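**Student:** Before I ask anything, here is the structure I am working with.
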Amino acid sequence: MLAAMPPPVPPPTPAPGAPRVRERGDACPGALRLHSADDGHLARLRLPAGRLTARQVEILADAAEALGDGRISITSRGNAELRGLADGCGAELAPLLAEAGLLPSPTHERVRNIVASPASGLDGLGTADVQLWARELDERLCAAPWAAGLSGRFLFVLDDGRGDVTGLGGDVTLVAVAPDAALLHMGGRAVRVAAADAPRAALAAARAFLSAARAAGTGAWRVRELPEGHEADVRDVRKALAAEEVPEPVLPQGPPPAPGPLGPAALHVLAPLGRLTAARLRALLPADEVRLTPWRGAVVAGTDPARLPALEAHGLITRPDSPWAGVSACTGRPGCAKSLADVRADAVPGRPGLPVHYSGCERRCGHPHGDRVDVLAAPGGGYLVDGVPVARTDLARAVTTARTAPRTAPRTTR
Ligand code: SF4
């Protein structure tokens with residue numbers, strides 16, 4: 001059943017120290033549950049590990065042109081959003097996606113939130129190919145009827161040991177620590193499992209979370225929302241698998257791959273402000289597969305890195321020193337009624353430095369994780385840059401200074 005949903009209502013803020021109580025399920029949009037925005041309906045398509053085959057790239061680009069506004073947004077989890085969809089178009093979109101293999105389980109479509117190191121298996125870095133884990137985890141997730149009870153926000157993170165995705169706030173994080181071993185991390189505890197068991201272990205951890213959430217009765221959507229005394233216990237994973245509890249580890253932290261070549265037969269590009277046109281998406285082909293990334297770009301596997309100049313000519317970011325690298329923005333006006341400004345039009349390129357995120361209101365949708373420059377639209381037409389009022393005409397100078405000035409400590413890490 002396809003339905004356009006009204007904009008989500010922000011949850012009430014719990015009193016200090018009180019557990020958050022969720023009265024309802026999450027309102028995250030999906031491919032079958034569309035969100036009604038000011039620029040039409042929006043469909044969010046979960047792509048485990050961001051993966052699209054060449055054929056799926058073509059179908060997604062065609063769908064954006066035929067049913068939406070011709071653009072594809074990449075989310076901070078490497079999912080794809082189609083915007084500007086007309087009333088009732090869900091009836092056309094769903095069969096298109098299903099036929100392309102992008103809707104393997106209608107009941108699970110919103111819970112397939114799996115981020116995995118996008119360059120895994122391509123550039124010789126990393127300890128294991130976690131893209132393969134992601135595929136197995138997705139198959140197991142879709143085959144488990146109980147897993148449809150996870151919220152649309154619950155996130156699995158699979159890191160191949162390079163540490164590029166460990167900081168993305170996973171509810172369940174798997175890290176490859178040796179060719180034959182992985183650490184599973186959830187809620188401050190960890191177990192070591194055989195690499196061959198890693199996807200099964202992640203699923204067992206999600207089940208332990210659901211059991212804890214039901215026992216707590218607070219309707220938690222995410223592990224961090226579980227109240228004290230009801231923590232999800234990774235030791236439950238030990239009951240399902242031969243797993244060994246380990247002291248809470250320090251997870252590896254590494255930078256995302258830079259835009260450019262990735263090994264002999266792959267490359268990485270970023271989408272300006274996280275948005276692709278259908279033409280730019282098609283320009284990534286020919287390729288074996290495309291992996292949309294949490295940094296709002298695409299790793300293209302099975303292609304010639306010598307194509308990078310041609311992709312730059314298509315408007316994609318192909319170099320780390322591009323003035324648009326590290327610049328992101330929420331939807332803003334005119335797509336979002338809450339926005340105080342057209343933040344995408346106001347966003348400015350500049351000297352590379354800290355990531356910068358422009359937001360039309362305090363919700364700061366889609367902001368990157370970790371330290372960044374925070375640019376927030378203010379009433380009256382100006383902005384706050386890291387909390388300091390700045391006129392719109394002075395934005396370029398203020399943002400460049402904030403991105404490149406030395407910082408003694410991260411200011412924005414949520
Ligand atoms: S952060 Fe941006 S997209 Fe999110 S609600 Fe505010 S204005 Fe809208």
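The values are calculated or read from the model by the stated rules, or taken from the named source; none is laboratory data. Fair warning: this is a prediction, and the values are worked out from it, not measured in the lab. Note: ideal-geometry Cβ built from the backbone for every residue, glycine included; neighbour counts use all protein chains shown. Keep in mind that these areas ignore ligands, DNA and RNA; they rest on the heavy atoms of the full protein, side chains included. Shrake-Rupley method; radii C 1.70, N 1.55, O 1.52, S 1.80 Å.
**Student:** May I ask you to list the residues in region 164-180 that are part of a loop (DSSP other than H, G, I, E, B), within 16 Å of Trp133 (Cβ to Cβ) and touching a residue at least 60 places away in the same chain (Cβ under 8 Å)?
**Tutor:** Asp164, Val165
**Student:** Which pairs have Cβ atoms under 7 Å, sit 6 or more apart or on different chains, and link a residue in region 308-337 that is farther than 26 Å from Gly84 by Cα and in contact (Cβ under 8 Å) with a residue 24 or more places away in the chain to one that is open to solvent by 60 Å² or more (accessible area, probe 1.4 Å) and aliphatic (A, V, I, L, M)?
**Tutor:** Here the result reads none, with nothing in region 308-337 linked to a residue that is open to solvent by 60 Å² or more (accessible area, probe 1.4 Å) and aliphatic (A, V, I, L, M).
**Student:** Same structure, new question: For region 181-208, how many residues meet the condition of being in a helix (DSSP H, G or I) and in contact with a strand residue (DSSP E or B) (Cβ under 7 Å, 6 or more places away or on another chain)?
**Tutor:** Qualifying residue count, region 181-208: 6.
**Student:** Which ranges mark the helices (runs of 4 or more DSSP H) fully within region 264-364 that have 2 or more residues being of a type outside the set (A, V, I, L, M, F, W, C) and away from the ligand (no atom under 16 Å from the Cβ)? Even if it seems obvious, please write down each step before you answer.
**Tutor:** Working: elements: 278-283, 308-313, 343-346.
Ranges flagged: 278-283, 308-313.
**Student:** Name the one entry in Gly263, Gly302 that is surrounded by fewer than 23 Cβ atoms within 10 Å (Cβ to Cβ), over 19 Å from Thr75 (Cα atoms) and modelled with pLDDT under 95. Break it down stepwise before answering.
**Tutor:** Details: Gly302 fails: modelled with pLDDT under 95.
None of the other options fit; the residue is Gly263.
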